[in-house]
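Report on one structure; see the data block that follows.
The values are calculated or read from the model by the stated rules, or taken from the named source; none is laboratory data. This one's a predicted model, so the numbers in the text were calculated from it and none came from an experiment. Cβ sites come from the backbone with ideal geometry, for glycine too, and all protein chains shown count toward neighbours. Calculation scope for accessible area: heavy atoms of the full protein, side chains included, ligands and nucleic acids excluded. Shrake-Rupley method; radii C 1.70, N 1.55, O 1.52, S 1.80 Å.
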Amino acid sequence: MTKHLAPQLDRPHQDEEQDGLVVAVRESGVVREQLVQRTCAWCGTPVPYKGKGRPPQYCKAAHRTRAWELRTAQARAARPVSDGGQTREPVREVVERTETVVRTVVREGPVKVRVIPGVRLSGEAYTLPEDAVEWVQALMYLRRHASSPKVYSFREHVARACETTAKVLRDATPALPALPAPSRPTAAAPNRTP
């Protein structure tokens, strides 16, 4: 930037270096300003300017891109909602609440116990193992399929049920009748022939 200064006139005075009276002195000056550096518009880091071309606004291309993304995002958000802009309405939630009521009916009179067979989620009836061998096979099947999504998500419940069952099985073991001690084989008497 260049600034021109207005000429200034002095009062007449005697010039000591030369003979004669000085009537007027005219001075003019030029002041030039040149940009040397500016700060980055994104991070504030000083950015040097070499004096040619448009002065840089950002210290690196990534900051230019971030500033552009921010400007365009703000412009997009300011558009009407129908054109893809951001709504000014608060976020509302719709919550569905389900309440389950358990009703127990107590009646007087003779008691009849009805055994209702279990039903699978598919609606098919299933039966429980009938003896110890089938129970062991069912538990082995459970062990092999423990990482299945159908079992894995309920693993804590299944594990707790298995621990409770194992405790009941250990506590409910009836005392076994004492077995006779095995007899020791006796040495055979020598065979004597008369």
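The table below lists the values:
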quantity	calculated
Full-stretch length increase - V95, Q37 - with 0.36 nm per residue and alpha-carbon distance subtracted	15.1 nm
Solvent-accessible surface ranking, highest first, for Y152, Y126 at 1.4 angstrom	Y152, Y126
Fraction of accessible area attributable to carbon and sulfur, segment 28-116 (%, probe 1.4 Å)	51 percent
Per-peptide average of other Cβ atoms within 10 Å, ordering 94-101, 74-81 highest first	74-81, 94-101
Area of D83 that stays accessible when all protein chains are in place (1.4 Å probe, Å², to 10)	100 Å²
In range of the label at R64: residues from segment 27-49 whose backbone nitrogen is under 20 Å from the point 7 Å along Cα→Cβ	35-49
